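The block underneath contains the structure these notes are about, expressed in structure tokens.
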Amino acid sequence: MQASGVLFTQVGVQGIGAVTGLMLVRWMPKDEYAWLTICGSLLATIGLLADGGIATAITAMSGRVVGDKTALAQVADACLSVRNRLALLSLVLTLPPFYILFTRTQMSPGMAALVVGSAAVMLWPVTSSKFLPVTLRIAGHLKSTQIMELSGALLRCGLTAIVLLVGWRQVYPAFLATVASIGLHAWLARRGVSRVTAMAPGTDVQRAEVWGFVRALYANHIFFCVQGQIATWIISFTSGVTEIADIGALSRLTVFFSIFGAMFHYLVLPNVASTKCPVLVRTKFIVSILGTLGAVLAVIATSWLMPGPFLWILGGLYSHLGQELPLAFAAQGLGMISGVTWTFMQVRGWVSLSWLNIPLTLVGYVVAVLVADLHTVSGVLLMTGLALLPPFLWALGYAWMNLCRDISAVKPLPPVV
């Protein structure tokens, strides 16, 4: 029943998101949509750098105290207090380069300043909407988190429809629709957490543990920012707004993976975080990886055999992307499988060697630069996929090694006399 409820709601959330994206892709001029793509990259980068491992900490630490309202409140407070310390660093690292990126793609300096300023104001809602729902999911209040996502999606879709229908087909009104939906999500998350936890400040020991996660993972989060947004950045510097819009339009098609990903994060991760039996953890890992792989292969095969329906979704401005479509799905799918593997490892606390992700990804980029034409959309997509392959294969092997180690460490029960 719980799984069917999550699936039904996520179909609604992703469907509303798909309608929103379809309106933007079809009705916005290519240059305005290209700038909106960079806006999305800006919000994602701010969120990742202000996180730095906190989301992993709140998941792992909350999983140990399920059922204790006071302890859950302390974990949430400790994580948010560390978030406040990372916020300024996030803004310093993010705003200047994105201002340059906007102006390089012919956005006016005034509009670029307005956009990055609005993004800075949204730092706290962006991170709160990411951290606080974790506490609710761990506590088993999935209905509350589903309502948050559905409400945010409906608000964004409604506001987007309004601004487009009245003729405001510029980047800033569309960006404000996204900002408003994030603000609503954060407000609902704060209310939801206050209902399921007691009021209790985090302890110094808990904050120290959160900082431990940050020290272990922050370098990776910086690298994830580069890795996740590099397609947009490279095409911005090597080509122009047309290619940026093409990349952004293809990224909208991740909706075909999003429902599966939501099921994993809502149902599997909280369960894995609190599972004590190593054999059961291994079974869940195998099912998660094989299930994700099956979903990815099905989407890639469909896009290769029947690209027409996917291109129709994007509209006439993007009908020339038939060759790039399977490449886009392959890169997105590999990223999804890799994300499932890494998230599984982080939830179980296997983060001591996570820094290896950086040199291994760099190896992938070196190979990609040698074989891909980075002046084209297909070349950038190929580079994205090749760069993900080495760290994914390593993470898969490292996760399996830890699973086997945990199983072998379990002492057998004494024989019954």
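Just so you know, all these numbers are worked out from the coordinates, no wet-lab data involved. The structure displayed is predicted, hence computed values, not measured ones. Counting neighbours? That spans all protein chains shown, and the Cβs are built from the backbone with ideal geometry, glycine included.
Details
- The residue among Gly333, Leu217, Asn402 whose Cα reaches farthest toward the positive pole of the charge dipole of the chain, with charges on the beta-carbon of Lys, Arg, Asp and Glu, is Asn402.
- Segment Leu154-Leu374, length gained on full extension (0.36 nm per residue, minus Cα span): 75.5 nm
- Counting neighbouring Cβ atoms within 10 Å and putting the fewest first, the residues Val296, Val166, Val115 line up as Val166, Val296, Val115.
- Here the 3J(HN,Hα) profile of the stretch 294-310, calculated from phi with Karplus coefficients 6.51, -1.76 and 1.60 at θ = phi - 60°, is x, 5, 5, 4, 5, 5, 4, 4, 5, 5, 6, 7, 9, x, x, x, 5 Hz, Gly and Pro shown as x.
- For the pair Val92 and Cys277, the difference between a 0.36 nm per residue extended length and the Cα-Cα distance amounts to 62.3 nm.
- Ordered by the number of other Cβ atoms lying within 10 Å of each residue's own Cβ, fewest first, Tyr365, Tyr33 fall into the sequence Tyr365, Tyr33.
- Counting Lys and Arg as +1 and Asp and Glu as -1 over every other residue whose Cβ lies under 12 Å from the Cβ of His320, the net charge comes to -3.
- Unit charges on C-beta of K, R, D, E only; dipole of the chain, Debye: 1040
- Residue order for His375, His221, fewest other beta carbons within 10 angstrom first, comes to His375, His221.
- Alpha-carbon radius of gyration plus Dmax, which is the widest Cα pair, for the stretch 1-117 in Å: 19.1, 53
- Summing +1 for each Lys or Arg and -1 for each Asp or Glu among the other residues whose beta-carbon sits under 13 angstrom from that of His221 gives +2.
- Full-extension gain in nm, Thr203 to Asn84, via 0.36 nm per residue minus C-alpha separation: 41.3 nm
- Label-point separation in nm, Ala298 to Val166, each point 7 Å along Cα→Cβ: 4.2
- All other residues whose Cβ lies under 15 angstrom from that of Leu24 are scored, Lys and Arg at +1 and Asp and Glu at -1, for a net of +2.
- Virtual spin-label span in nm between Ala409 and Arg104, 7 Å along Cα→Cβ: 4.5
- Tally of Lys pairs whose C-alpha atoms are under 22 Å apart, taken over the chain, 8 or more apart or cross-chain: 7
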